[in-house]
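Undergrad: Got a structure for you, written out below as structure tokens; questions coming shortly.
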Amino acid sequence: MQFTRNHIIILSSLFFVAFYNVSFFSHVTEVYPLGENIGFLASLGIVLFFFILFLLQLLSYRYTLKPLLIFFFIASSFAAYFMDTYGVMIDDGMLINALQTDGAETLGLLSLKMGLYFVLLGLLPSYVVYKTKITYGTFKKELISKLMALGIALGVILVTIALLGGNYASFFREHKQLRQYTNPPFWIYSVGKLTKTLTANTNRPIEQMGTDAQISHGGKRKILVMVVGEAARWDHFSLNGYERETNPNLRKENIINLADVSSCGTSTAHSVPCMFSMRDRSSFDMDDAKFEENVLDVIHHTGKVAIIWRDNNSNSKGVADRVVYENYKSNEHNTMCEGECRDEGMLVGLDRFVSEHPDQDILIVLHQMGNHGPEYFKRYPKAFEKFTPVCTTNQLEACTQQEITNAYDNAILYTDDFLAKTIAFLQQYDEANDVGMIYMSDHGESLGENGIYLHGIPYMFAPEGQKHVGSLMWFGAHSTHQTNIDTLKQNTNESFSQDNLSHTLLGFFGVQTTIYQPQKDILNVAQ
């Protein structure tokens, strides 16, 4: 059977609307219930169909139509899988996360369901397109046909929106996030946005910050361990009133629990560089951050602090590019790997780093695997499986919410143990040094509430569980910050954010620089 270019585009557009936009229509009907909004919902289907048709007409020509459709079907099959399965949106931030995902994390996402999506929504329609014979007219006829199709599509879209202006005014103004579930339009937009970011000028010099930084204290050597948590939300810490005992070890320590800390973003790729940036969340830009020094650089400028970053996650997202960096996701460095390398392996050998820098202060950053989803059951040794039964698949929607929560809480329980061991490591240096630990998760996590899993929802629309993070501090019994610590303990419910972290690190080490803002130093709350 032969088809014209218009036939293929019309059928493909119908196929996209019918099979790739389950999440879009599912989320729309949550806001606009079917019974009382059937006319508006039907119009959305019409507008989406003609919008996809418009895009395909605009982008496809005689020699690009088949390759374009095949690429769109395959890419959209994966987009549909992740949106339908985890409730995520495929924005540029999510694409950056995908690009930065390593092999082990990728394997953790593979499943039979993903394979079915790929075959049925990716390979099958691609094969049909590939085998279909398409007839074309003369250049003039094809041009006229394309212009007519573009005009009709645009006209129908405008007329439909005009006829239901009130509904669409609400849809576009108050429910912007719904448009981000359209497939393929939104991921196409996201790819364009990401491409612009990746092709930006990469020859920009690194902007130096805090080059005037110096440390003049002559007291005890300072040793600080900064633990960057992963996907740990505040309300699953028993320290914050969670009914389950997920912090039995930390409860025994002299902890300063920070109950109200908001993240800078909802993904590791955004939050980690932001939390170490000298900029606030409001002015932070991921594109600019690649060409700006961060707080580690500022501290390094003093020449008085030895810095090391150990990573059991994907990487430092550029934060540790100019300091000592060690990858602990394999047994090359990590001596505690049992299928998956454990966070506590990052503690092994740290005493050697401390002893190798006897005349310098020490800053150790440990980037956890923590509660990285969706395979929470792999994030902890079997001995920490206290809450059962657990979800043992990456298909979270196939598990009950209680099973997901059980696995997630077990991972929190393991983080509790890891932090307690970090404190034990520091206690051996307590008497002769000024020691401390700061723990702050990069972002939170959704555990199936309202059909949303994992994280990465745009900040404006993200649920509280993705933005409100677990955070705490511990300092040695001989800390020079004792007065501030005593006052801080009386203000643990005060609101902080990841904007406070960089200035708190500068304050701990007594770094004097014009870019230090004492009012943002958590330890300076007593002043």
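The values are calculated or read from the model by the stated rules, or taken from the named source; none is laboratory data. If you're wondering where the values come from, they're calculated on a predicted model, not measured in any experiment. So basically every Cβ, Gly included, is an ideal-geometry build from the backbone, and we count neighbours across all protein chains shown. Side chains included, ligands, DNA and RNA excluded: accessible areas come from the protein's heavy atoms. Shrake-Rupley method; radii C 1.70, N 1.55, O 1.52, S 1.80 Å.
Undergrad: Of K252/K520; K176/K467; K329/K520; K196/K317; K66/K146, which pairs sit farther than 24 Å apart, going by alpha carbon to alpha carbon? The partial results should precede the final answer.
TA: Details: K252/K520 29 Å; K176/K467 19 Å; K329/K520 33 Å; K196/K317 19 Å; K66/K146 16 Å.
Cα-Cα > 24 Å for K252/K520; K329/K520; rest within.
Undergrad: To continue, here is another question. Please compute P(r) over all alpha-carbon pairs of the range 208-311, binned at 10 Å starting from zero, and give each bin as a whole-number percent.
TA: With a bin width of 10 Å, the distribution comes to 12, 32, 33, 20, 3.
Undergrad: Net charge around S60, counting only other residues with Cβ within less than 10 Å of its Cβ (Lys, Arg = +1; Asp, Glu = -1)?
TA: On the way: positive: R5, R62, K66, K146; negative: none.
Once all neighbours under 10 Å are counted, the net charge is +4.
Undergrad: ³J(HN,Hα) across the range 350-359 via Karplus (A = 6.51, B = -1.76, C = 1.60, θ = phi - 60°), whole Hz, x for Gly/Pro?
TA: 5, 4, 5, 4, 5, 5, 6, 10, x, 9
Undergrad: Kyte-Doolittle cut-off 0.0, length cut-off 15 Å along the helix's own axis using Cα: show which whole DSSP H helices in the chain pass.
TA: Working: long enough: 5-19 (21 Å, 1.51); 38-59 (32 Å, 2.67); 65-86 (31 Å, 1.26); 139-163 (36 Å, 1.67); 185-198 (20 Å, 0.35); 401-427 (39 Å, -0.09).
What comes out of the filter, once short or polar helices are dropped, is 5-19, 38-59, 65-86, 139-163, 185-198.
Undergrad: With a 1.4 Å probe and all protein chains left in place, how much accessible area per residue does the chain have, in Å²? Numbers along the way, then the final one.
TA: On the way: 22480 Å² over 527 residues.
Computed with neighbouring chains in place, this is 43 Å² per residue.
Undergrad: Among 175-188, 507-520, how do they line up by average Cβ neighbours within 10 Å per residue, starting with the highest?
TA: Values: 175-188: 20.5, 507-520: 17.5.
Descending packing order for the listed peptides: 175-188, 507-520.
Undergrad: About its Cα centre, how strong a charge dipole does the chain have in debye, to the nearest 20, once Lys and Arg get +1 and Asp and Glu get -1 at the Cβ? Write down the numbers at each step before the final one.
TA: Values: 40 positive and 54 negative charges, 509 e Å.
Here the size comes out at about 2440 debye.
Undergrad: Work from the charge dipole of the chain (Cβ charges, +1 for Lys and Arg, -1 for Asp and Glu, about the Cα centre) and give the residue of N294, A259, N484 farthest towards its positive end.
TA: Value computed over the given set: N294.
Undergrad: How big is the dipole moment of the range 1-121 about its Cα centre under a simple scheme where the beta carbon of each Lys and Arg is +1, that of each Asp and Glu is -1, and everything else is neutral? Debye, nearest 20, please.
TA: Details: 4 positive and 7 negative charges, 132 e Å.
Here the size comes out at about 640 debye.
Undergrad: Also, I was wondering about something else. How big is the accessible area of E245 in square angstrom, nearest 10, if you roll a 1.4 angstrom probe over the protein chains?
TA: Around 60 Å² of this residue is reachable by solvent.
Undergrad: Work out the charge dipole of the range 383-442 with +1 on the Cβ of Lys and Arg and -1 on the Cβ of Asp and Glu about the Cα centre, then indicate which of A432, F418, C391 is farthest towards its positive end.
TA: So the residue furthest toward the plus end is C391.
Undergrad: Let me ask you something else. Hey, got the dipole for the range 333-384? About the Cα centre, +1 on K and R Cβ, -1 on D and E Cβ, debye to the nearest 20? Write down the numbers at each step before the final one.
TA: Details: 5 positive and 9 negative charges, 67 e Å.
That gives the range 333-384 a dipole magnitude of about 320 debye.
Undergrad: What whole number of Å gives the distance from the Cα centroid of the range 77-115 to the Cα centroid of the range 367-397?
TA: Going from one Cα centre to the other spans 18 Å.
Undergrad: Next up: I'd like to compare 479-488, 43-52: which one has the highest average count of other Cβ atoms within 10 Å, and what's the full order after that?
TA: Values: 479-488: 16.4, 43-52: 19.8.
Order by mean packing, descending: 43-52, 479-488.
Undergrad: Expressed as a whole number of Å, what is the distance separating the alpha-carbon centroids of the range 282-356 and the range 2-54?
TA: About 47 Å separates the Cα centre of the range 2-54 from the one of the range 282-356.
Undergrad: Computed over the Cα atoms of the chain, what is the ratio Rg over Rh, Rh following Kirkwood?
TA: On the Cα set of the chain, Rg over Rh gives 1.04.
Undergrad: Considering only A80, A42, S60, whose Cα is most displaced toward the positive end of the charge dipole of the range 38-176, charges sitting on Cβ of Lys, Arg (+1) and Asp, Glu (-1)?
TA: With unit charges placed on the Cβ atoms, the residue in question is S60.
Undergrad: Carbon and sulfur together cover what percent of the accessible area of the chain at a 1.4 Å probe radius?
TA: Working: 13050 of 22480 Å².
In the chain, the share of accessible area belonging to carbon and sulfur is 58 percent.
Undergrad: Okay, moving on. Hey, got the Cα dimensions of the range 56-177 along the principal axes, in Å, largest first?
TA: So the three principal-axis extents are 51, 44, 23 Å.
Undergrad: List the residues whose amide H sits under 5 Å from the amide H of E445, counting only those 5 or more places along or on another chain, with H placed 1.01 Å from N in the peptide plane.
TA: Amide H neighbours of E445: R233, Q466.
Undergrad: Would you mind checking the radius of gyration and Dmax of the range 291-383 based on alpha-carbon positions, in Å?
TA: For the range 291-383, the Cα radius of gyration and maximum Cα-Cα distance read 14.6, 44 Å.
Undergrad: Right, next: Between Rg and the Kirkwood Rh of the range 311-361, both from Cα atoms, what is the Rg to Rh ratio?
TA: Working: Rg = 12.3 Å, Rh = 12.1 Å.
A ratio of 1.01.
Undergrad: Specify the inter-centroid distance of the range 176-242 and the range 457-512, based on alpha-carbon positions, in whole Å.
TA: 16 Å
Undergrad: Net charge near H478, counting Lys/Arg +1 and Asp/Glu -1 over other residues with Cβ under 11 Å of its Cβ? Display every interim value, and only then the final one.
TA: Values: positive: K220; negative: D430, E431, D434.
Here the count lands on -2.
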